[in-house]
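The values are calculated or read from the model by the stated rules, or taken from the named source; none is laboratory data. Computed from a prediction, not measured in an experiment: that's the story for all the values here. FYI the Cβ positions are ideal-geometry reconstructions off the backbone, even for glycines, and counts take in every protein chain you see.
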Amino acid sequence: MSIPYEYYVALSGLLMVLGLVGVTVRKNIIAVLLSTELMLNAVNIAFVAFDMKLHDVAGQVFVFFILTIAAAEAAIGLGLVMAIYRLRKDVDVEKLTELKL
Amino acid sequence: MDLHAIAFWSFSALAVISAFGVVFAKNIVYNILSLIAALIAVSGLFFNLGAELLGALQILIYAVAIVVFYVLVISTVPEYKGQSVDPKYMLISIPTGFAIFLELSYVSIYGAWASSTGIFTPEVMQDVGNIKAVSSMLFTKYLFPFEVASLILLVAMIGAILLGRKEQVMEENQ
């Protein structure tokens, strides 16, 4: 293969950092959840690239588990968003400050 | 420049542009559409790397099932009126993110490649095929985590039902 695997890992790092920036800067709680999906995808690319470089398939099995966890996380997270919206009529992370002293 | 390189550069450019859309677009519907584009681009990268099973699962689970969750919730929650991006955190997070990116690239390029290699060399892969190799590993060595994953999905389903239902329904029936 002509493309070095380092390029895939660099792309994975770039997507990871973009997701991290998204989690930090966004104020809508649904957009924060979307950025975490982006970070999970970055990890998936890194797993598959390392797998192909090191001639193994364990990383692809773990990507399978990450897909499962992402589905569970989306279900629970969006259920929480719905519960928060029903309680507070708002999805702004700056205004959800019940636990703040 | 062969087909692998063309596919890599086009899919990765699409993924990065869509990721910028996910993070910085104002409207939440545009965020979802960019996320779908990014997921399909990542699936193309999986196919390009030779992981056919994961490329197909990525489209099936991520780009269809999970995105449908988000679209349903967005259609229930009304349009978000406030400011989408906080400029105060933007000033801090972008240099910090760049530093983390440099550190990740340094570690992955100079450190992690020196690990020991597994048994699935390209010749074996040519013989067995990616899907058979991954699924044989999944159902032999990782059988217990596989069963635990099904338990996690059950717990998530029950949790989503409990969190999403209305409390008043019971009282109205009484």
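Points to keep in mind about this one:
- When we screen B:ILE94, B:ILE100, B:ILE74, B:ILE59 for residues that are closer than 22 Å to A:LEU40 by Cα and either more than 9 Å from chain A (Cβ to nearest Cβ) or of a type in the set (Asp, Glu) (or both), the only hit is B:ILE59.
- Residues of segment A:9-28 that turn out to be more than 7 Å from every other protein chain (Cβ to nearest Cβ) and not hydrophobic (A, V, I, L, M, F, W, C), as a count: 2
- Condition met for A:ALA31 (facing chain B (nearest Cβ under 7 Å) and touching a residue at least 40 places away in the same chain (Cβ under 8 Å)): no
- Scan of segment A:70-101 for residues that are under 17 Å from the mean Cα position of the chain (by Cα) and touching a residue at least 12 places away in the same chain (Cβ under 8 Å), ordered by number: A:ALA70, A:GLU73, A:ALA74, A:GLY77, A:LEU78, A:VAL81
- Lone unmet requirement of (1) over 23 Å from B:TRP9 (Cα atoms); (2) more than 7 Å from chain B (Cβ to nearest Cβ) for A:MET39: (1)
- Any chance B:ALA38 is within 7 Å of chain A (Cβ to nearest Cβ) and either part of a helix (DSSP H, G or I) or out of contact with any strand residue (DSSP E or B) (no Cβ under 8 Å at 6 or more places or on another chain) (or both): yes
- Candidates are the residues of segment B:103-116 that are facing chain A (nearest Cβ under 7 Å) and at pLDDT 75 or above; the one that is surrounded by the fewest Cβ atoms within 10 Å (Cβ to Cβ) is B:SER105.
- Just so you know, in segment B:62-71 the residues that are buried (at least 18 other Cβ atoms within 10 Å of the Cβ) and either touching a residue at least 12 places away in the same chain (Cβ under 8 Å) or among the aromatic types (Phe, Trp, Tyr) (or both) include one that is farthest from the other protein chains (Cβ to nearest Cβ), and it is B:ALA63.
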